[in-house]
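Input: a single structure, listed below in structure tokens.
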Amino acid sequence: MPRENVLGWDIGGAHVKVAKAAGSRSISHVYQLPCQLWRGLNQLRASIDVISKQLDFSESLFAITMTGEMVDHFNSRKEGTRRIINEIEENFSETETRYFAGAKGFVSAGEAVREYRHIASANWFGSANFIATQLKDALFIDVGSTTTDILAIQGHQVMNEGCTDAERLYAQELVYCGVVRTPVFALCKAAPIEDRFIPVINEYFASSADLYRLTGELPGYADMGNTPDGRGRDKMSSAVRLARIFGYDAVPEALSLWRDVAEYVREQQIQTIINACRKHLSKVEQSLNFPVVGAGVGRFLVKEIAQRLNRRYVDAASLFDHEDIDDGVNVGDCASAASIACLGFQRYCI
């Protein structure tokens, strides 16, 4: 039975993102909530409760994708997929649900449990497939809080080599770094400080959020996670954490020094992403009009990467019909949830 709208859910290990589609590319609402799923399914229940108070679910179909199955609260992706599905079905027993299974499309809850290999961490495929309905050729880059997805699109087809996390890591379609939760020691081995290259300490003293607070690029609404030391999110607190990872104590009068260090580590992260991008661009027939599409809370990096690759930049938000939000999470930040919602609308409501 056709529905009036589709709610796209992207259930991650650190956030839940929800988008409401009332058309094949029309998004009316987007939400992002913290959900520390590694602490237990009660975190997902709490996020569901918040969304339930803000959205009317009547006449809605749920289109669901996930990456939260991989958190270490679960013993395996199979178990995680099954338990997340059970949680959704128990909370929304009166709602029609469909789960995104990658190339297999949307499936029922029962099928999703059996097809868990196709359900697990398939949100990237939903985003890339929606982009492919809007653009013939593109390099799609989604820089989130934790990871970066890179997919080439050619002739309205997603040119992925891998499907599982392991395959995608090998193919450099999944680059495990983001702009909030990545430990700084994963981004560089040393940094120039006071005319010396100081090796990094391999402890979780500082995160990528500390870098992008210091550079002034991290949107406030995206800064949801706990800090490594449980202290402030201001620039000085970030400088203290960044200094600690290089064996220093930061002081206010040296704040500019740590901003420079943040800029250096930022460059290392950009180079990691660019190297993966060049691999994907080398696989496809290119033209000067082959654009770079940026999504995720870290797409401010994608805009710069597009310039360095001498490519036109397209913000993923521009591919949806939606109301602009001046200061808050928007459709470009939640491209996976919005894409799943629109793909669900195209499948079940047209």
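The mean sequence distance of close C-alpha pairs (under 8 Å, at least 6 residues apart), as a share of the length of the chain, puts its relative contact order at 22 percent. In segment 113-152, the convex hull through the Cα atoms has an average projected area of 3.5 nm², a quarter of its surface area.
A cut-off of 5 Å between modelled amide H atoms, ignoring neighbours fewer than 5 places along the same chain, links Glu96 with Phe62. For the chain, the 222 nm mean residue ellipticity estimated from helices alone, with every DSSP H stretch of n ≥ 4 adding -39500 (n - 2.57) and the total spread over all residues, rounds to -11000 deg cm²/dmol. Measuring max minus min along each principal axis, the C-alpha atoms of segment 158-234 give extents of 43, 34, 20 Å (largest first). This model, with +1 at the C-beta of Lys and Arg and -1 at the C-beta of Asp and Glu, gives the chain a dipole about its Cα centre of some 700 debye. For segment 47-121, what does the alpha-carbon gyration tensor say about shape, rounded, prolate or oblate, given a ≥ b ≥ c as the root eigenvalues, a/c under 1.5 as rounded, and a/b over b/c as prolate? Oblate. In this structure the chain gives 43 Å² per residue of accessible area when probed at 1.4 Å with all protein chains present. Counted over segment 1-84 with a bin width of 5 Å, the fraction of Cα pairs per bin, in whole percents, is 3, 15, 25, 22, 16, 11, 6, 1. Heavy-atom surface analysis with a 1.4 Å probe gives the chain a carbon and sulfur content of 46 percent of its accessible area.
Cα gyration tensor of the chain, axes a ≥ b ≥ c as square roots of the eigenvalues: rounded (a/c below 1.5), prolate (a/b > b/c) or oblate? In terms of gyration-tensor shape, prolate. Here, segment 294-350 yields an orientationally averaged convex hull projection of 4.6 nm² when only Cα atoms define the hull. Within the chain, what percent of beta bridges assigned by DSSP are antiparallel, to the nearest 5? Once the DSSP bridges in the chain are tallied, antiparallel ones form about 60 percent.
In terms of its alpha-carbon gyration tensor, segment 97-207 comes out prolate; a/c meets the 1.5 threshold, and the first ratio a/b outweighs b/c. Each 10 Å bin from 0 upward holds the following percent of the Cα-Cα pairs of segment 186-278: 16, 51, 28, 4, 0. Rounded to the nearest 20, the size of the Cβ-charge dipole of segment 170-281 about its Cα centre is 280 debye, with Lys and Arg at +1 and Asp and Glu at -1. Annotation: amide H of His29 within the under-5 Å range of Lys20, sequence separation 5 or more or interchain, hydrogens built in the peptide plane.
The orientation-averaged shadow of the Cα convex hull for segment 119-278, equal to a quarter of the hull surface, comes to 10.4 nm².
Provide the net charge surrounding Ser238, with neighbours chosen by a C-beta distance below 15 Å and charges set as Lys +1, Arg +1, Asp -1, Glu -1. Its environment carries a net charge of +1. Computed from Cα atoms, the angle from the helix 123-134 axis to the main principal axis of the chain rounds to 70 degrees.
Over all other residues within a Cβ to Cβ distance under 9 Å of Asp315, the charged ones net out to +2, with Lys and Arg as +1 and Asp and Glu as -1. For segment 251-261, backbone phi angles converted through the Karplus equation (6.51, -1.76, 1.60; θ = phi - 60°) give residue-by-residue couplings of 10, x, 6, 10, 4, 5, 4, 6, 5, 5, 5 Hz, Gly and Pro being listed as x. In segment 1-84, what percentage of the DSSP-assigned beta bridges are antiparallel, given to the nearest 5? Once the DSSP bridges in segment 1-84 are tallied, antiparallel ones form about 65 percent. Pairs exceeding a 22 Å alpha-carbon distance, out of Lys279/Lys303; Lys20/Lys53; Lys17/Lys53; Lys189/Lys303; Lys136/Lys279; Lys20/Lys136: Lys189/Lys303; Lys20/Lys136. Bin width 5 Å, alpha-carbon pairs only: give the P(r) of segment 215-348 as whole percents, running from 0 to the bin holding the largest distance. Percent of Cα pairs in each bin: 2, 8, 14, 16, 16, 15, 13, 8, 5, 2, 1, 0. For Gln268, the shell of other residues with beta-carbons less than 15 Å away shows a net charge of -2, using +1 for Lys and Arg and -1 for Asp and Glu.
The values are calculated or read from the model by the stated rules, or taken from the named source; none is laboratory data. Just so we're clear, the structure is a prediction, and the values are computed from it rather than from any experiment. Positions of Cβ are backbone-derived with ideal geometry, glycine not excepted, and every protein chain shown enters the neighbour counts. Accessible surface is based on the protein model in full, side chains and every heavy atom, while ligands, DNA and RNA are left aside. Shrake-Rupley method; radii C 1.70, N 1.55, O 1.52, S 1.80 Å.
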